[in-house]
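The values are calculated or read from the model by the stated rules, or taken from the named source; none is laboratory data. Worth saying up front: this structure is predicted, and the values here are computed from it rather than measured. A quick note on method: Cβ atoms are made from the backbone with ideal geometry, for glycine too, and the neighbour counts reach across all protein chains shown.
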Amino acid sequence: MWMISRAGPIGYVIILSSVVGLAVFIERFIRIYQVRIDTDRFLKEISYWLSERNVGEALRLCERIKSPVSRVVRTGLLHIEESKDRLTNRLENVALIELPRLESRMDILATVVCVAPLLGFLGTVTGMIQAFQVIEMKTSYVTPSDLAKGIWEALLTTALGLMVAVPFLLAHGYLRNIIQGIRIDMERAATLVLDFSLSRDEIPVSAREYQHQT
């Protein structure tokens, strides 16, 4: 706490930005992990039901598993009778809806990463300004203790800015990698559905029955 108090007003702003960033990271972490699934296992089960021509069971599996990947598969199977172009457009629309949800508020983390060191640099400048003001105001000999407050602020704000920016840079990259993984899984799911749509002769009865039920 002494470090923050010595860093001056800009130090408190840096800490406030870190609180905002931490809240966003925790919220995004929980949200992303809620929709993460074992994609390999899920797609293997979907492939099994599709190989059995049981689209209805595949759709029920998608209903039980709440994930962007399952929503891609469900959308594709519900419109499996459509042409390849129309089906592809539907799958792309699902991705356009799901990906922004995953990436929501990620820009706030990126902003904290950029702003924190800049605030630290600003604190460095204001701290040095204070130190030179002391030199200007002193008519007699200037002692190191006279300059200490400004120099403390200059150094501590820089340190605080970097201490906030570096962890949030790592956190942002970590979440971004997970989102990229989900994006790839959605593409795999879309490919599976498209391959099935091209290989089918006609929509299985189980799928038509499921559509009537929903």
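The number of residues in segment 76-100 that are within 13 Å of Phe196 (Cβ to Cβ) and within 24 Å of the chain's Cα centre (by Cα) comes to 1. For Ile80, state whether it is more than 12 Å from Ala190 (Cβ to Cβ) and touching a residue at least 40 places away in the same chain (Cβ under 8 Å). So Ile80 fits the description; yes. Here Arg86 fulfils each of the conditions (1) free of Cβ contacts under 8 Å to residues at least 12 places away in the same chain; (2) basic (Lys, Arg); (3) in contact with a helix residue (DSSP H, G or I) (Cβ under 9 Å, 6 or more places away or on another chain) apart from (3). Does segment 51-68 include one or more residues that are in contact with a helix residue (DSSP H, G or I) (Cβ under 6 Å, 6 or more places away or on another chain) and closer than 18 Å to Pro100 by Cα? There is at least one residue in segment 51-68 that is in contact with a helix residue (DSSP H, G or I) (Cβ under 6 Å, 6 or more places away or on another chain) and closer than 18 Å to Pro100 by Cα.
Going by the conditions given, is Ile46 hydrophobic (A, V, I, L, M, F, W, C), part of a helix (DSSP H, G or I) and without any contact (Cβ under 8 Å) to a residue 40 or more places away in the chain? Considered against the rule, which asks whether it is hydrophobic (A, V, I, L, M, F, W, C), part of a helix (DSSP H, G or I) and without any contact (Cβ under 8 Å) to a residue 40 or more places away in the chain, Ile46 comes out as no. Looking across Leu119, Leu156, Leu198, Leu162, one residue alone is over 30 Å from Ser17 (Cα atoms), in a helix (DSSP H, G or I) and at pLDDT 70 or above. It is Leu198.
Candidates Ile32, Ile65: the one that is closer than 15 Å to Asp185 by Cβ, surrounded by 15 or more Cβ atoms within 10 Å (Cβ to Cβ) and either free of Cβ contacts under 8 Å to residues at least 60 places away in the same chain or of a type in the set (Lys, Arg) (or both) is Ile65. Checked against (1) closer than 30 Å to Leu156 by Cα; (2) at pLDDT 90 or above; (3) exposed (fewer than 14 other Cβ atoms within 10 Å of the Cβ), Met1 passes all but condition (2).
Report, by residue number, each residue of segment 44-99 that is out of contact with any Leu (no Cβ under 9 Å at 6 or more places or on another chain) and among the aromatic types (Phe, Trp, Tyr). Hit for segment 44-99 is Tyr48, nothing else. Residue count for segment 15-61 satisfying the condition of being more than 18 Å from Gln180 (Cβ to Cβ) and under 22 Å from the mean Cα position of the chain (by Cα): 13. The set of residues from segment 57-84 being modelled with pLDDT under 90 and part of a helix (DSSP H, G or I) comprises just one member, Lys84. Touching a His at 6+ places or on another chain (Cβ under 6 Å), of a type outside the set (Val, Ile, Thr), in a helix (DSSP H, G or I) and touching a residue at least 60 places away in the same chain (Cβ under 8 Å): does that describe Leu99? So Leu99 fails the test.
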